[in-house]
Amino acid sequence: MEIAYLTRRVRFAAAHRYHRPEWSDDENRRVFGACNNPVGHGHTYTLEVTVEGAIDPRTGFSVDLGALDRVLEEHVIRVFDHQHINHAVEAFAYGGLVPTCENLLAYLWPRLRDAIPAGARLFRLRLYEGPDLFVDYFGGAPIPHEQR
């Protein structure tokens, strides 16, 4: 059985604020800097979703790309695009998770993992906050041996 790793990129624009309400304003500014701006700030994110699947000998595909695109539309674009994450997603409301790339990926992983089309499995998420910063996430596990 031949295995392939397919990566689909999606982009979304969103705003967020890093803030811990139990901390003082000074502590929030010290830890989060400009990311603690009271009105938030925005990014154009790029999310790479890599799925692993056996290459179907009849179609040559490792995943149903149309089905994968529908999953990403439902769980990423509709949820995050042109939203203020702290206000649009309950898990990131003030006092909840700080909407860092790491936390966004940990939030997305189980939702995408459970919705990936049959015959494929979620392998990696990579979220770019901009051209010079990204985070890789493998479901909370260490990097798979072959990737080291």
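The values are calculated or read from the model by the stated rules, or taken from the named source; none is laboratory data. All values reported here derive from a predicted model rather than from experimental measurement. Methodologically, a virtual Cβ is constructed for each residue, glycine included, from the backbone with ideal geometry; neighbour enumeration extends over all protein chains shown. With ligands, DNA and RNA removed, areas are computed over all heavy atoms of the protein, side chains included. Shrake-Rupley method; radii C 1.70, N 1.55, O 1.52, S 1.80 Å.
For mean projected area of the Cα convex hull in nm², the choices are [x] 9.8; [y] 11.1; [z] 9.3; which was calculated from the structure?
Structure-derived value, by its label: [x].
Nearest 20 debye, what's the magnitude of the dipole of the range 12-124 about its Cα centre given +1 on Lys and Arg Cβ and -1 on Asp and Glu Cβ?
Details: 11 positive and 15 negative charges, 16 e Å.
I would put it at about 80 debye.
DSSP loop (so not H, G, I, E, B), at most 14 other Cβ within 10 Å: list which trypsin sites (Lys or Arg not before Pro) in the range 49-137 pass both filters. Could the numbers behind the result be given before it?
Values: sites: ARG58, ARG70, ARG78, ARG111, ARG113, ARG121, ARG124, ARG126; in loops: ARG58.
Of the trypsin sites (Lys or Arg not before Pro), the ones in loops of the range 49-137 whose Cβ has at most 14 other Cβ atoms within 10 Å are ARG58.
Which one of ASN103, LEU72, HIS43 has its Cα pushed farthest toward the positive end of the charge dipole of the range 1-138, where Lys and Arg give +1 and Asp and Glu give -1 at the Cβ?
LEU72
Summing +1 for each Lys or Arg and -1 for each Asp or Glu, what net charge is found among the other residues whose Cβ lies under 15 Å from the Cβ of ARG9? Provide the component values of the computation, followed by the final result.
Working: positive: ARG8, ARG11, ARG124, ARG126; negative: GLU48, ASP69, GLU73, ASP81, GLU129, ASP136.
Local net charge: -2.
Which chymotrypsin sites (Phe, Trp or Tyr not before Pro) does the range 71-108 hold that lie in a coil by DSSP with at most 16 other beta carbons within 10 Å?
Sparse-neighbourhood loop chymotrypsin sites (Phe, Trp or Tyr not before Pro): TYR94.
What is the percent carbon and sulfur in the accessible area of the chain, measuring with a 1.4 Å probe over the protein chains and ignoring ligands? The partial results should precede the final answer.
On the way: 4330 of 8430 Å².
Of all accessible area on the chain, carbon and sulfur atoms account for 51 percent.
At 1.4 Å probe size, with every protein chain present, just tell me what the per residue accessible area of the chain comes to in Å².
About 57 Å² of surface per residue is accessible.
Of all DSSP beta bridges located in the chain, what percent are antiparallel, nearest 5? If you can, show how the numbers build up before the last one.
Numbers: 27 of 29 bridges.
Among the beta bridges of the chain, antiparallel pairing accounts for roughly 95 percent.
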